[in-house]
Amino acid sequence: MTEATHIHAESTHYDADVAIVGGGPVGTMLAILLGRQGRKVTLIERWKEAYDRPRAVTYDHEIARILATLGIDSENDPAINYHDELYYWRDAQGENLQIVDWQSTSASGWRVRYWFNQPDLERRLTKITDDLPSVSHIRGWAAVNLAEDADGVTLWLRPNAREGNGPRVRVRAKYVVGADGANSFVREALGIENVDKGYFFDWLILDMIPHGEYVTEPSQWQLCDPKRPTTIVPGGPGRRRWEYMVLPGESAQEIASEESAWRLLAPWGLTRENATLERSAVYRFQARWAKTWNKGRCAIAGDAAHLMPPFAGEGMCAGLRDAVALGWRLNGILEGRFGGEILDSYTSERLAHAKHYIDFSQELGKIICISDPEEAAKRDARMKADLAARGNTPVPTDVCHLGAGVWCDETAHAGELSVQGVVEANGKRDRFDQAVGQGWMLIGLDVDPAEALTADQRAVLAALGGRTVRIGAPGTDCDAVDVERTYARWLDAIDARYVLLRPDFYVAATARTPEALRHRFDEVVARLHMAGEPAAAAA
């Protein structure tokens with residue numbers, strides 16, 4: 001990574017394939033995904049120094065799968081941990097209202113839930129960009145104007161806008177992505193409106209560093225006490241987090257004071273003598289999304305595109321999914337594989353997916369944020385009855401579909417995150433992504449998927465940088481051994497022998513027969529808006 005540290009002249013011109021406004025985890029992830037493919041990226045961040053306080057503290061199995069492709073192993077990384085237990089919702093008397101399965105390994109091969117400290121992860125991601133010579137970083141400059149033409153986008157920057165007027169620098173790029181937060185300049189400059197669900201709750205966030213081991217049972221749970229709804233969760237290795245709902249009539253400023261923080265923490269055994277208060281801040285939980293996420297040669301991602309309450313732990317996860325979804329599309333456009341129309345499916349797929357989690361988080365909040373004792377009693381009785389009716393068994397985490405886009409909606413599991421198992425391939429025994437790789441993958445169970453395609457279709461797959469992989473049982477003629485029969489169980493259950501995977505790990509299509517596969521393969525390709533003649537391009 002190179003860094004622009006001396007920017008003075010109005011005429012300074014930075015050519016880039018993609019200029020990314022916003023150097024948080026979403027923008028940095030996108031810069032990595034583009035930079036690893038040799039794209040020239042300018043990453044613009046208005047603050048000279050990274051914010052060093054915790055924010056997000058958890059991510060799910062899909063994000064663990066994404067991070068693994070960068071060499072960050074959530075199972076064995078000292079900066080990341082998991083708690084081998086369930087997630088409980090309890091009433092004021094400590095009785096269970098709900099039990100959620102945060103203990104299992106997900107179908108995609110990673111645990112359902114991990115815990116981390118966001119500044120640590122951001123430093124890791126930034127360090128990865130340091131090794132990418134095509135990524136440059138402009139720190140301490142804010143975007144103040146944007147203009148698009150037929151050939152690209154021009155951004156004008158000034159030193160951090162809070163410092164007033166100053167010399168301007170012009171950045172010229174083929175595409176611009178705004179990952180610049182809830183008050184996104186890029187979104188506003190594009191004239192994109194938000195849909196606001198008017199969901200506002202203020203919560204106090206207390207991030208703690210205990211001096212020594214701190215054990216609480218359970219380690220991750222929700223206290224649904226109408227006197228003070230409270231969330232108690234890990235904050236990554238060596239850290240804990242408490243979240244307290246600000247009650248009607250309370251002052252956000254007063255409850256966020258250090259004195260108030262220690263009073264709230266006293267029942268949990270934390271004092272100034274045995275813990276450090278790392279952060280005390282009141283956040284307003286909101287639910288909203290932008291009406292479109294792409295416009296011309298520009299797109300938005302992360303908080304610029306969506307905000308959700310934190311009750312499902314999916315806010316940052318959604319932003320990193322945005323980065324991956326944009327990454328393979330922009331790489332394909334810049335490589336000449338796709339037309340710019342492919343960005344329309346970024347909006348249609350990701351907006352629907354994020355809205356699912358916004359709605360889900362809002363519904364969870366409606367249950368949690370009850371401060372009326374009578375209403376809480378009715379909720380408790382209803383939830384206890386539901387829990388007893390299913391024998392106190394935990395509920396699994398949900399499966400979320402993409403919105404309409406580059407996948408076949410008439411095929412099983414298409415539009416969903418793919419199953420992943422352990423395989424033996426290329427001299428390795430590991431999860432499929434690590435042993436075989438990532439990208440467009442056509443998998444055949446006990447059959448050679450290449451033989452099911454026509455010659456032209458094989459050329460198209462090659463033009464996509466794709467591969468065919470025959471998976472089979474130990475001792476069979478195959479490219480990857482299905483060590484734990486994960487793929488056999490999955491495909492048998494949906495009556496399929498073929499599955500087409502996308503670079504973001506989502507299923508594009510499944511099929512039982514070669515004829516069905518060929519038809520669905522063509523349907524997916526049509527939705528990619530491939531440029532020119534793919535068969536000729538592959539030759």
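The values are calculated or read from the model by the stated rules, or taken from the named source; none is laboratory data. Treat the numbers as computed from the prediction; the structure is a model and nothing was measured. All Cβ positions, even for glycine, are placed from backbone atoms using ideal geometry, and neighbour counts span all protein chains on display. Heavy atoms of the whole protein, side chains included, go into the accessibility calculation; ligands, DNA and RNA do not. Shrake-Rupley method; radii C 1.70, N 1.55, O 1.52, S 1.80 Å.
Screening K197 against (1) more than 29 Å from K355 (Cα to Cα); (2) in contact with a Phe, Trp or Tyr (Cβ under 9 Å, 6 or more places away or on another chain); (3) modelled with pLDDT under 95; (4) not aliphatic (A, V, I, L, M) leaves a single unmet condition, (1). Counting only residues that are under 29 Å from the mean Cα position of the chain (by Cα) and outside any loop (DSSP other than H, G, I, E, B), segment 482-516 holds 18 of them. Taking the criterion of being under 22 Å from D303 (Cβ atoms) and aliphatic (A, V, I, L, M), the residues of segment 355-403 that qualify are I358, L364, I368, L402. Taking segment 44-59, which residues are within 30 Å of I232 (Cα to Cα), touching a strand residue (DSSP E or B) at 6+ places or on another chain (Cβ under 6 Å) and either at pLDDT 95 or above or of a type in the set (D, E) (or both)? Hits for segment 44-59 are V57, T58, Y59.
Look at (1) aliphatic (A, V, I, L, M); (2) under 30 Å from the mean Cα position of the chain (by Cα); (3) open to solvent by less than 40 Å² (accessible area, probe 1.4 Å) and you find that L264 fails only one, number (2).
A search for C-beta distances below 6 Å between a residue of segment 430-442 that is more than 18 Å from E62 (Cβ to Cβ) and in a helix (DSSP H, G or I) and any residue that is basic (K, R) and open to solvent by 10 Å² or more (accessible area, probe 1.4 Å), counting only pairs 6+ apart in sequence or on different chains, returns A435/K428. Determine, yes or no, whether R502 is open to solvent by less than 20 Å² (accessible area, probe 1.4 Å) and closer than 20 Å to V406 by Cα. Answer is yes for this residue. In this entry, F185 passes the filter for residues that are among the aromatic types (F, W, Y), under 23 Å from the mean Cα position of the chain (by Cα) and crowded, with 17+ Cβ neighbours inside 10 Å. A single entry from A323, A275 fulfils the requirement of being within 25 Å of I32 (Cα to Cα) and surrounded by 15 or more Cβ atoms within 10 Å (Cβ to Cβ): A323. Open to solvent by 40 Å² or more (accessible area, probe 1.4 Å) and either farther than 23 Å from Q438 by Cβ or modelled with pLDDT under 95 (or both): is that true of D479 in this structure? It is false that D479 is open to solvent by 40 Å² or more (accessible area, probe 1.4 Å) and either farther than 23 Å from Q438 by Cβ or modelled with pLDDT under 95 (or both). Using the structure shown, decide if W490 is aromatic (F, W, Y) and out of contact with any helix residue (DSSP H, G or I) (no Cβ under 9 Å at 6 or more places or on another chain). Yes, satisfied. Candidates L453, L442: the one that is closer than 21 Å to I342 by Cα, surrounded by 15 or more Cβ atoms within 10 Å (Cβ to Cβ) and of a type outside the set (G, A, S) is L442.
Contact map, segment 216-235: residues that are closer than 17 Å to W115 by Cα and open to solvent by 30 Å² or more (accessible area, probe 1.4 Å) paired with residues that are in a loop (DSSP other than H, G, I, E, B) and not hydroxyl-bearing (S, T, Y), Cβ distance under 9 Å, separation 6+ or inter-chain. Pairs shown: E217/E85. In segment 388-425, the residue that is surrounded by the fewest Cβ atoms within 10 Å (Cβ to Cβ) out of those that are assigned to a strand (DSSP E or B) and of a type in the set (A, V, I, L, M) is V395. Which residues, taken from segment 396-419, are modelled with pLDDT under 95 and over 17 Å from I494 (Cβ atoms)? Hits for segment 396-419 are P396, T397, D398, C400.
When segment 113-136 is filtered for residues that are open to solvent by 10 Å² or more (accessible area, probe 1.4 Å) and either farther than 21 Å from R53 by Cα or in contact with a strand residue (DSSP E or B) (Cβ under 7 Å, 6 or more places away or on another chain) (or both), the ones remaining, listed by number, are R113, D130, D131, L132, P133, S134, S136. Here segment 517-528 is the region considered, the condition is being open to solvent by 50 Å² or more (accessible area, probe 1.4 Å) and within 31 Å of the chain's Cα centre (by Cα), and the residue that is nearest to L343 (Cα to Cα) is R527.
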